[in-house]
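The values are calculated or read from the model by the stated rules, or taken from the named source; none is laboratory data. Worth saying up front: this structure is predicted, and the values here are computed from it rather than measured. All Cβ positions, even for glycine, are placed from backbone atoms using ideal geometry, and neighbour counts span all protein chains on display. Surface accessibility is based on the protein's heavy atoms, side chains included, excluding ligands, DNA and RNA. Shrake-Rupley method; radii C 1.70, N 1.55, O 1.52, S 1.80 Å.
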Amino acid sequence: MYHVSVLAYDGVFASALTGVMDLLNLTGVTWNRIHGEPLNRQFKVQMVSRGGEPVRCTAGMRIAVDTALERVDQCDLVVVPTIGNEITQVLHAERDTLEWLRFLHAGGADVASNCTGSFLLAEAGLLDGRRATTHWGYSQLFRERYPQVNLDERELITRDGNIFCAGGGTAWRDLTILLVERFCGADMARELAKAFVIDVRNDPQSVYAGLPAKTYHRDEQVQKVQAWLHEHYAQPATLAELAERVHLSPRQLQRRFTSALAEPPLQYLQRVRIEASRKMLERGATNLSHLAEQVGYQDVSSFSRLFKRHTGLSPSHYRQRFARVGALRD
């Protein structure tokens, strides 16, 4: 039987905490009960916290834990659920937990995080030089704090060695199915997914991602260019024209924009346009040629290729997936 420690802390997202525990505890159980087979429990799961103290989840629930993390000196898997409260506050409050994470990983434990839980792994230094993902909405803050991590927020799940990271929201379900496959094999992972009616799509997180609403940098000239792009994204724009608006040389703007946002201005403009087109598709836009023109593209084929590169889906498939009414005419 595999031993799993699920980290609990004040500000944890309740469903990500208890959901992972439910799925792991019922691996080899629910499917077997349904089919009248002997139970074949695979995991012994315990919830741990600093000092063994109860924790207050984001939903206001107070949850008792099984034991103090200080009493756990080895296990097969450590799971760090989503940070639901203000991230930097939780990181500060859990600074004494970081050494425990490093210790267990050094002892051979697999380590997995969901969503913003990856901030705790990065804070502990476990993601230095590794591939990782996090909630797409916090990718900019993550890059600012941890430039040494190879972040790819497009991915729903990343694996680098024995460290696993899942993206935002309910990605913990996909992560848990993957971990069950790693420890127990593909057949048992499929049985678990079927028993809990989990559709493991393997979509990239970029299908759900939009532009982060919050800007974490303080470069006022870059912010002015961002604001102009958000308001005038349908208009043609060159790097030289954007630089002239804020009295910088093109080279200066390119350097400062990339430093602040981890991508150059014209690449950022592409993302603004794609985000605008996503919203139009979700609202029921029915003519792809007209939509492409509205967001600044004259060539429909080029727009469609760009849209798929950014989101992982073609415009028509995206609309079928997320629009409420109507049909897209390609």
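Annotations for the structure displayed:
- Cα-Cα P(r), the range 41-117, percent of pairs per 10 Å interval: 16, 52, 29, 2
- Mean-position separation - Cα centroids, the range 69-95 and the range 244-296, in angstrom: 37 Å
- In the range 73-181, one over the average inverse separation of all distinct C-alpha pairs is 13.5 Å, which is the Kirkwood hydrodynamic radius.
- Annotated for the chain: lysine pairs at least 8 residues apart or interchain, Cα distance under 24 Å, count 5.
- Pairwise FRET efficiency - residue 262 versus residue 86, Cβ, R0 = 22 Å, nearest 0.05: 0.50
- Using a simple spin-label model with pseudo-atoms 7 Å out from Cα toward Cβ, residue 230 and residue 66 lie 4.5 nm apart.
- For residue 12, nonlocal amide neighbours, meaning residues 5 or more places apart or on other chains whose placed amide H falls under 5 Å from its own, are 58, 84.
- A Förster radius of 41 Å, combined with the Cβ-Cβ distance separating residue 302 from residue 220, puts the computed FRET efficiency at roughly 0.80.
- Sorting 217, 317 on solvent-accessible area from highest to lowest, probe radius 1.4 Å, gives 317, 217.
- Inter-label distance for residue 128 and residue 3, nm, one decimal - labels placed 7 Å from Cα along Cα-to-Cβ: 2.8 nm
- Figure note: 100, 136 ranked by solvent-accessible area, largest first, 1.4 Å probe, ligands and nucleic acids not counted: 136, 100.
- Within the accessible surface of the chain, defined with a 1.4 Å probe on protein heavy atoms only, the carbon and sulfur portion equals 46 percent.
- Label-to-label distance, residue 22 versus residue 102, with points set 7 angstrom from Cα along the beta-carbon direction: 3.6 nm.
- A Förster distance of 22 Å, applied to the separation of the beta-carbon atoms of residue 290 and residue 245, puts the FRET efficiency at 0.20.
- Dividing the convex hull volume of the alpha-carbon atoms in the range 1-67 by its residue count gives 79 Å³ per residue.
- The chain, accessible area per residue, ligands and nucleic acids excluded (1.4 Å, Å²): 49 Å²
- With all pairs of separate Cα atoms included, the chain yields a Kirkwood hydrodynamic radius of 21.7 Å.
- Relative contact order [Cα under 8 Å, 6+ residues apart], the chain, whole percent: 12 percent
- Full extension of the chain between residue 283 and residue 150 gives 44.4 nm of extra length, using 0.36 nm per residue less the Cα-Cα distance.
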